[in-house]
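Here's the structure, in structure tokens; my notes come after.
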Amino acid sequence: TQKAKKRKFIPSEANRDINVRKPRLDVEGGPSLSEIRAANEAADRAAASAPFVPQTTKEGILSPDSKFPTLSSSPSTSPESLKAFVTAQIVDYLGEEETTLIEFIMKELGKEGGYKVASMLDEMKVVLDEDAEEFVLGLYRKMVE
């Protein structure tokens, strides 16, 4: 029986940097993470409470930043009349009352802070194809009238 000769472990230079503890990055005089988070939350609240300014042009309505007004801020449109409008439009485009689709649209329009017009357009393109843009424009105009 012959014993194998053991060699001493020598770490390579390539692995030495991994084992060194990284220095902590402190920015002197900069805001802390909690201060940054508080500032971002305050900016979000201010944006949500900003007065709604309706768009009037097709390009303005369909711009990436455009949002539907919230149901509560919609001056002349009650949720019931809006649901009747959406139902009539869906029946007109699809030929039948699609309850699940109507409920989805109403739920999204009821979101606090408004729902992005571009998001609604993307969702409606799946169902309405080329009629989606016309539907979304009509819905937006109905909500701001």
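The values are calculated or read from the model by the stated rules, or taken from the named source; none is laboratory data. Everything quoted here is computed from the prediction, not taken from an experiment. No Cβ is skipped: glycine too gets one built from the backbone with ideal geometry, and neighbour counts run over all protein chains shown. The protein model used for the area step is the full one, side chains on, heavy atoms only, and it has no ligands, DNA or RNA in it. Shrake-Rupley method; radii C 1.70, N 1.55, O 1.52, S 1.80 Å.
Data for the structure
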quantity	calculated
The listed residue being surrounded by 15 or more Cβ atoms within 10 Å (Cβ to Cβ), of a type in the set (Gly, Ala, Ser) and either modelled with pLDDT under 90 or over 21 Å from the mean Cα position of the chain (by Cα) (or both), out of Gly95, Gly114	Gly114
Evaluation of Glu130 against (1) in a loop (DSSP other than H, G, I, E, B); (2) free of Cβ contacts under 8 Å to residues at least 40 places away in the same chain (one fails), failing number	(1)
Filtered residue count, the stretch 45-86, keeping only those that are exposed (fewer than 11 other Cβ atoms within 10 Å of the Cβ), modelled with pLDDT of 75 or more and under 15 Å from the mean Cα position of the chain (by Cα)	2
Neighbours by Cβ (under 7 Å, 6+ apart or cross-chain): first from the stretch 73-93, closer than 19 Å to Asp131 by Cβ; second among the hydroxyl-bearing types (Ser, Thr, Tyr) and modelled with pLDDT of 90 or more	none
Among residues of the stretch 98-111, those that are open to solvent by 60 Å² or more (accessible area, probe 1.4 Å), charged (D, E, K, R) and free of Cβ contacts under 8 Å to residues at least 40 places away in the same chain, counted	3
